[in-house]
Amino acid sequence: MIDTVVYFQITDPKLFAYGVARPIVAIENLTATTLRNIIGQLELDESLSSRDLINTQMRAILDEATDPWGIKVNRVEVKNIQIHQLTFKKLWKSRCVLNVKDVKPFCVQKDKRNQRFLLQKVRKSQLFLKLRPKKRARILDAEAIKESKIRQAEGEAEAILKVQEATAPRY
């Protein structure tokens, strides 16, 4: 169950009166269907934590749709999101925590794609641990050199930008 508040203003009384039979009911229905579409595109976790994203998308879609009715949607707020207890239990059960030596614990949904990714990461770390110590050390050294080169390049790029900003003519 999701509670929303829609703030709108009437911009054209003629269109408001004649554009749609029951404008308030039309806005309520449009809000419900738009919200269902937006929430349907998000993962359950995202829908609970992405109120700003939902509000912004809702306002843009509703404002565009209600324009022919002489209505301007100024703001949309998702007040409350309540998850049915069974849905919450399913979400909680669909999580898995895996702890393997030298691999950080993961908490991902149990769909096939994420399980495959998780298994690949675990197998890769297990293979890495089976390597001879010298080979492991070379790999870690190479990764450290790569990371330091990346950070050095980022630092140089940032320095160039700062010099450009400082020497750019101001109008």
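The values are calculated or read from the model by the stated rules, or taken from the named source; none is laboratory data. Owing to the predicted nature of the structure, the values given are computational and were not obtained by experimental measurement. So basically every Cβ, Gly included, is an ideal-geometry build from the backbone, and we count neighbours across all protein chains shown. What goes into the accessible areas is simple: the full protein's heavy atoms, side chains included, and nothing from ligands, DNA or RNA. Shrake-Rupley method; radii C 1.70, N 1.55, O 1.52, S 1.80 Å.
Heavy atoms only, 1.4 Å probe, whole protein assembly: order E158, E77 by accessible area, highest first. Walk me through the numbers on the way to the answer.
Numbers: E158 105, E77 55 Å².
Putting E158, E77 in descending order of accessible area: E158, E77.
Which order, highest average first, do 59-67, 28-36 follow once you tally other Cβ atoms within 10 Å for each residue and take the mean per peptide? Walk me through the numbers on the way to the answer.
Values: 59-67: 17.1, 28-36: 15.3.
Per-residue mean Cβ counts within 10 Å order the peptides as 59-67, 28-36.
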Legend entry - Amide H contacts of T11 (H built 1.01 Å from N, under 5 Å, at least 5 apart or other chain): I71, K72
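For a quick protection proxy, order the peptides 162-169, 13-20, 137-144 by their average other-Cβ count within 10 Å, most packed first. Don't skip to the end; give the middle numbers.
Details: 162-169: 7.9, 13-20: 13.2, 137-144: 10.8.
The most tightly packed comes first, giving 13-20, 137-144, 162-169.
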Legend entry - Segment K135-R170, extension gain: residue separation times 0.36 nm, minus the distance between their alpha carbons: 7.1 nm
